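Step one of this worksheet: look at the structure below.
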Amino acid sequence: MFTLVERLPDETVRLTPLARDDGGILVPGDPTTVASRAFADTVRQRESEATRWVWDDTARWYPQLLDEGVLVERCVDLRLCHAILRASSSTVGSRIHEAPRGPYDGPQAAPVDRTALFVVEPESLPDPLAEFLLQREAVEASPHRGALELLLTAESTGALIAAEMRHRGIPWSVTRHDELLVEALGPRPATGERPTLMNGALSEVRAALNAPELNPDSPTELMRALQRAGLPVASTRQWELKRYEHPAIEPLLRYKKMARLLAANGWGWLDTWVVGGRFRPDYVPAAAATGRWGTSGGGALQLPKAIRGAVVADPDWTLVVADASQLEPRILTALARDPAMARAGAGDLYEGIVASGAVATRAEAKVAMLGAMYGATSGDGGRLMPRLTRAFPRAIAFVEEAARTGERGGVVSTLLGRSSPRPGTDVPPEMAVSVGADGRAWGRFTRNFVVQGTAAEWALCWMGALRRALLARYGSGLSAPHLVFFLHDEVVVHTPAAHAAEVAALVSDAATEAGRLLFGDAPVRFPVTVATVTSYSEAK
DNA sequence: CACTGATGCGCG
DNA sequence: AAAGCGCGCATCAGTG
């Protein structure tokens, strides 16, 4: 039922099967050892037995297997599961709960360059068998075992998906990207030079500010020049600059836009990150405390809308782009079991809030909901809070309770049992300070944690269900539809055009399945907007 | 020179 | 100086 693998100092791999005895206790069987080279074939053979692979860190094992054409259906990622179980309020009293930091608390392994002449596979983290048994002990003794099991499975499957998406890569048109850059910036200049359109904007700025030597990339220099020109700015941020009328402002904002595009996703980025028509970000599951993913290198989760046109399906393939509409407010609705908000969410949730009479416009509904989930105290969000509280008392009480717990220094948890860090532990020092100085900041964090974290769980279940459906329907061959991108509440599937309509239906079905997995038959819908497109920029 | 923190901005 | 959460990255500014 489980096969635990570990890489030994002599570079062989030890496989230990684990099964339950008559009393239901998990017992390790006799280990076998294979040469590192033969490992992929061993996994290929045993996949038919539907075992669950147990390993220290998916990023250390799976890329190599994928390179050798082996797809794994299920796994346990000990590092990711450790982080959940150690902090979870659902494991209080177990040995793993609040254990001191150890080797399983480290960061995800960095990707290895497999094109290198010598590829050295790192040794496993120490004693994975003991770690696994410690984890099982905590899960099986938990009063919330079912939820925890689902969370650990979803988290581990997410790690598989992260490696698979990196392996396949996002289909990227270098030609199209270059065209977009030329359109926005002018032809590619020599390295270190500014493109022509940027130089044009810069000349206008310098003339308008009467500062012929101005370096626009230096905030201090820029701020002084603006002040000399009579603009009492306190910073050089766009939102502040926008408030002033001055001939320098428009070209300056235009310059800043271009500078950002060039620095973040210009030709240098293209050279570094797109190889063989594919962009392969290093996804990092649970990079955020809430369980949200991050990426490392390439900024994949911040792909500006301006260059999404470069994401282009292969010939005769298309992209099925889907995003979960108003995910976080719907998650809050389900968590709080708020019947009024569930009614409002029958169609477009924000229109539903308007129809309930709580606010006047869709824009107000959106700002008010964001304010409720983030803890707005002033501005439009804060102003609308009382009206929202009157219309949806249960939903608002739910986030208020999470906020008060945080303000007291307490721990909150997601639906499935991921718990917030305690103030002062495992958090950046400046956050720890702000808790002492101002508990309200921590309250805003815990308020948002329960919603954002449960939304992340929903998204993991969505992707996991979709992956399973795609594998069952199309298999794992090179011409099968496959996930290529994930962005918090949005997925992109790259598929042969002929399957697009069917894939779109599977994506929607998977969203419904995720809702049922988390919330049973609660009357909350999780609609997804699906678009079948050639290029990512055509979606939405 | 290398490193660190602040600034600014992209995404959800 | 963004009201209000979560991130990553490039660049500048200041320090050792």
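The values are calculated or read from the model by the stated rules, or taken from the named source; none is laboratory data. Note that the structure is a prediction, hence the values are computed from the model and not measured. Positions of Cβ are backbone-derived with ideal geometry, glycine not excepted, and every protein chain shown enters the neighbour counts. Ligands, DNA and RNA are excluded from the accessible area calculation, which covers all protein heavy atoms including side chains. Shrake-Rupley method; radii C 1.70, N 1.55, O 1.52, S 1.80 Å.
Structural remarks
- Take every Cα pair under 8 Å whose residues are at least 6 apart in sequence, average their separation, divide by the length of segment A:174-270, and the relative contact order is 28 percent.
- Theoretical FRET efficiency, 1/(1+(r/R0)^6), r = Cβ-Cβ of residue A:264 and residue A:175, R0 30 Å, to 0.05: 0.90
- Hydrodynamic radius by Kirkwood, which averages 1/r over all alpha carbon pairs of segment A:121-171, in angstrom: 13.2 Å
- For segment A:1-169, relative contact order (Cα pairs under 8 Å, six or more residues apart, normalised by length) works out to 24 percent.
- Whole-Å distance, taken between Cα centres, linking segment A:378-423 and segment A:114-180: 31 Å
- Ordering of A:239-246, A:396-403, A:355-362, A:531-538 by packing is A:396-403, A:531-538, A:355-362, A:239-246, highest average first (other Cβ atoms within 10 Å, averaged per residue).
- Rel. contact order, % - alpha carbon contacts under 8 angstrom, at least six apart, chain A: 15 percent
- Two-decimal ratio, chain A, of alpha-carbon radius of gyration to 2.2 N^0.38 Å: 1.07
- Computing Rg and the Kirkwood Rh from the Cα coordinates of segment A:404-540 gives a ratio, Rg/Rh, of 1.11.
- Summed side-chain charge close to residue A:294 - residues other than residue A:294 whose Cβ falls under 14 Å, Lys, Arg +1, Asp, Glu -1: +1
- Cβ-derived FRET efficiency at R0 45 Å, residue A:11 paired with residue A:389, nearest 0.05: 0.15
- Length gained on full extension, residue A:221 to residue A:118: 32.2 nm, using 0.36 nm per residue less the C-alpha separation.
- Rounded tilt (10° steps) of A:249-265 against the dominant C-alpha axis of chain A: 30 degrees
- Annotation: amide H-H contacts under 5 Å for residue A:424 (H modelled 1.01 Å from N, sequence separation of 5 or more, or interchain): A:432.
- Charged neighbours of residue A:41, selected by a Cβ distance under 12 Å, balance to +1 (K, R count +1; D, E count -1).
- Of all accessible heavy-atom area on chain A, the percent that carbon and sulfur account for (1.4 Å): 54 percent
- Ratio of Rg to Rh over segment A:174-270 (Cα coordinates, Kirkwood Rh, two decimals): 1.00
- FRET efficiency, residue A:235 to residue A:271 (Cβ-Cβ, R0 25 Å, nearest 0.05): 0.15
- Cα-based Kirkwood hydrodynamic radius, segment A:1-169, one decimal, Å: 16.6 Å
- Net charge contributed by nearby residues that have their C-beta within less than 9 Å of residue A:418 (K/R +1, D/E -1): -2
- For segment A:361-416, accessible area per residue (1.4 Å probe, heavy atoms of protein chains only), Å²: 49 Å²
- Distance histogram in 5 Å bins (all Cα pairs of segment A:263-347, percent per bin): 3, 10, 15, 17, 15, 13, 11, 8, 6, 3, 0
- Against chain A, whose longest principal axis comes from its Cα atoms, helix A:219-228 is set at around 20 degrees.
- Fraction of the pair-distance distribution of segment A:333-448 above 21 Å, Cα-Cα pairs, percent: 41 percent
- Over segment A:174-270, accessible surface divided per residue gives 57 Å², non-protein components excluded, 1.4 Å probe.
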